[in-house]
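The values are calculated or read from the model by the stated rules, or taken from the named source; none is laboratory data. Please read these numbers as outputs of a predicted model, since none were measured by experiment. Neighbour counts are summed over all protein chains in view; Cβ atoms, including those assigned to glycine, are modelled from backbone coordinates with ideal geometry. Remember, those area values only see protein heavy atoms, side chains included, never the ligands or the DNA or RNA. Shrake-Rupley method; radii C 1.70, N 1.55, O 1.52, S 1.80 Å.
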Amino acid sequence: MTRIRLLFLLVSAALVLPILTGTLLGAAEREQPPREDSFYKYLSVFSEVLSLVRQAYVEQSDVETLMAGALDGTTDALDPFSLYVPAPHVESFLEAREVGRHHSGLELLKERGVAYVVAAEKGSPAHAAGVKAGDIVAEIQGRSTRLMPLWEVQELLAGSPGTRIELDVIRLGEPRQVAFELRRFDNPPAAIERVEGTAMLRVPAFDGETAGQVRAALAPLGGDKHLLVDLRGVGGGDPEAAYAVGQLFARGELGALLQKGERVSGFTGGEAPLWQGKIVVLVDRGTLGPAEILASVLRQKAGAELVGEPTFGHAGRQATAELSTRGRLLFTDAFYAGPDGAAIDDSLQPDLRVDERSRTFIEKDAPLEELILQRGLRRLRGEDAEAKAAA
């Protein structure tokens, strides 16, 4: 059955994606004459392949298994957040979704069959074990992740506290083994810390309390002229909470929710900003969703500069559909936009890029996380400009 599943993962994206996309976006041209690339052409090809595999494949095949594999491949071709959950696993998946990364601290996704770490929250079990953003997860609990659906990976990471998780990861081409025990982990509140005398606002998560936490953190900073905002590894949460935080830094148009290019709702700031000094925002590949919204607001409305790696590039709203089989389909049905009205569906490019390629020889042994912080501090203080002028 593994070979059957592999076969359909390879062909399903090409054959079934137009079917699902047509269903979700209303692209099926029912009243137009069939064209060479029409919906019906792909449906015919898919039906033919399914029939041939069932009749001629070396092993007896099961239609339900084949269709599940086809749907896995289809959602994988849409984006890393779209997935199909078979009916028998819907209940356990929904329970795991409620837990999220509160037991592991890991944000893990799959794209084109490759599982990788988007973020490992500071202080979480995974972070303490040394898991880093960008790690490719080859195996989990001794099983290859290549054909393991994302919903199953998420269920394993949301297991009972005390469960030991073993990962085989690949980092910069080198295989590594890491292990940790799941335990309850809650993000700390947004707060200010001092780094070399400079105020740095860390926003670990976005929910209904985040704006109030940021407001309280900014209140004592009347004498400060410089502010670092650390959004590295911050993903998930409530997008509207990101706009609420943005209102503390800017007024006027802050962004909108866009569906099929049309504005569904908008977000504005009406109060006078609590902070009006210079801002540098630290970002990396784990900066995702609500964090990208806030970064866009700060850059476009408060004149902030972004320092670090390009962000993940997906501030989408996820919808759920129950299928006739009682399986669940999760897919992106809208995107949030920044003040410029452009959907955040691609990476935000930093004003100062700091990544593995931009290292100097002197910096070759420094952790990337520390490099981003130090470059951000220098940018905030204007030391980069001074160094260039002196040169």
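Quick notes on this one:
- Of the residues making up region 329-343, just one is more than 15 Å from the chain's Cα centre (by Cα) and at pLDDT below 90, namely LEU329.
- The condition (being within 29 Å of MET200 (Cα to Cα), among the aliphatic types (A, V, I, L, M) and in contact with a helix residue (DSSP H, G or I) (Cβ under 9 Å, 6 or more places away or on another chain)) is satisfied by just one residue among LEU294, LEU288, LEU329, LEU323: LEU294.
- Each residue in region 74-102 was checked for being closer than 24 Å to PRO161 by Cβ and either open to solvent by 20 Å² or more (accessible area, probe 1.4 Å) or part of a strand (DSSP E or B) (or both), and 12 pass.
- The numbered conditions (1) modelled with pLDDT under 95; (2) closer than 30 Å to VAL117 by Cβ; (3) part of a loop (DSSP other than H, G, I, E, B); (4) polar (S, T, N, Q) are all true for THR311 except (1).
- Count of region 148-185 residues which are closer than 14 Å to GLY113 by Cβ and either of a type in the set (S, T, N, Q) or touching a Ser or Thr at 6+ places or on another chain (Cβ under 7 Å) (or both): 1
- Single condition SER347 does not satisfy, out of (1) touching a Leu at 6+ places or on another chain (Cβ under 9 Å); (2) surrounded by 12 or more Cβ atoms within 10 Å (Cβ to Cβ): (1)
- Test: residue in region 197-205 that is free of Cβ contacts under 8 Å to residues at least 24 places away in the same chain and over 23 Å from VAL99 (Cβ atoms): yes
- Consider region 179-212 and keep the residues that are of a type in the set (S, T, N, Q) and under 30 Å from SER160 (Cα atoms). The one that is surrounded by the fewest Cβ atoms within 10 Å (Cβ to Cβ) is ASN187.
- Within the set ILE136, ILE165, the sole residue that is within 16 Å of GLY100 (Cβ to Cβ) and of a type in the set (Val, Ile, Thr) turns out to be ILE165.
- In the set (1) acidic (Asp, Glu); (2) open to solvent by less than 30 Å² (accessible area, probe 1.4 Å); (3) in a loop (DSSP other than H, G, I, E, B), the condition left unmet by ASP224 is number (2).
- Condition check for GLN154: under 22 Å from LEU288 (Cα atoms), modelled with pLDDT under 95 and part of a helix (DSSP H, G or I): yes
- Output for region 212-268, where each listed residue is among the aliphatic types (A, V, I, L, M) and more than 23 Å from the chain's Cα centre (by Cα): ALA216, ALA217, LEU218, ALA219, LEU221, LEU227, LEU248, ALA250
- Restricting region 262-299 to residues that are free of Cβ contacts under 8 Å to residues at least 40 places away in the same chain and assigned to a loop (DSSP other than H, G, I, E, B), the residue that is least open to solvent (accessible area, probe 1.4 Å): PRO273
- Matching residues in region 104-123 - criterion: being closer than 15 Å to PHE185 by Cα and under 18 Å from the mean Cα position of the chain (by Cα): SER104, GLY105, LEU106, GLU107, ALA119, ALA120, GLU121, LYS122
- Some residue of region 316-329 being under 19 Å from ASP238 (Cβ atoms), open to solvent by less than 50 Å² (accessible area, probe 1.4 Å) and not in a helix (DSSP H, G or I): yes
- Residues of region 169-178 that are open to solvent by 50 Å² or more (accessible area, probe 1.4 Å) and among the charged types (D, E, K, R): GLU174, ARG176.
- Residues being open to solvent by 10 Å² or more (accessible area, probe 1.4 Å) and part of a strand (DSSP E or B) - total across region 233-256: 2
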